[in-house]
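The values are calculated or read from the model by the stated rules, or taken from the named source; none is laboratory data. The structure displayed is predicted, hence computed values, not measured ones. Cβ sites come from the backbone with ideal geometry, for glycine too, and all protein chains shown count toward neighbours. Protein only, heavy atoms only, side chains kept; ligands, DNA and RNA dropped before computing areas. Shrake-Rupley method; radii C 1.70, N 1.55, O 1.52, S 1.80 Å.
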Amino acid sequence: MERFKGTKGEWVVSGGTSIVSMPYQCKITNSVSGWSYDEAKANAQLIATAPRMLEALISIVDYWNTTQRGSINDHINHSLNLAEKVIDEALRK
C-alpha cells in the first residue's frame, strides 16, 4: 500500500494553534482557526494527529489484507485498539 508523501516526523501543536513537524521544526501551518481559541486548539490537535490516523488506517487495512492467525474477534480487537488509540490522541483523552 502507498505511504504518506507529506512532511515526515511527528506533527505536534506548537504555541496553541500552529503545527510543526518534529524533530525537524518544519512548520506545517502558521495558525489554525476556530470560532474560539479552545476550538482552534482542538482543530490544531486534530490536524496534528492526521498522520498517525493515516498510519493506523493503513495498518488496519494491511492487517486485514494479509493472512493472520487467530479468530475474527482477534482481528476486530486489533483494529479497534488501533482506531481507539488514535481517536483518543486526536481528542486528547
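A few remarks follow.
- Taking a straight line from the alpha carbon of K5, these aspartates and glutamates sit under 19 Å away, with near neighbours fewer than eight places off in the same chain left out: E55, D62.
- Computed from Cα atoms, the angle from the helix 37-65 axis to the main principal axis of the chain rounds to 20 degrees.
- Apportionment of accessible area to carbon and sulfur, the chain, percent (1.4 Å): 56
- For the chain, pairs of C-alpha atoms spaced more than 22 angstrom apart make up 39 percent of the total.
- Net charge, S79 excluded, C-beta distance under 14 Å - Lys, Arg +1, Asp, Glu -1: -3
- Less than 5 angstrom separates the built amide H of W11 from those of M22, all sequence-distant by 5 or more or on a different chain.
- Cross-link partners of K27 among aspartates and glutamates (Cα-Cα below 14 Å; sequence separation of 8 or more within a chain): E10
- The chain - percent relative contact order, Cα under 8 Å, separation 6 or more: 23
- Å² of accessible area per residue within the chain, as computed with a 1.4 Å probe and no ligands counted: 71
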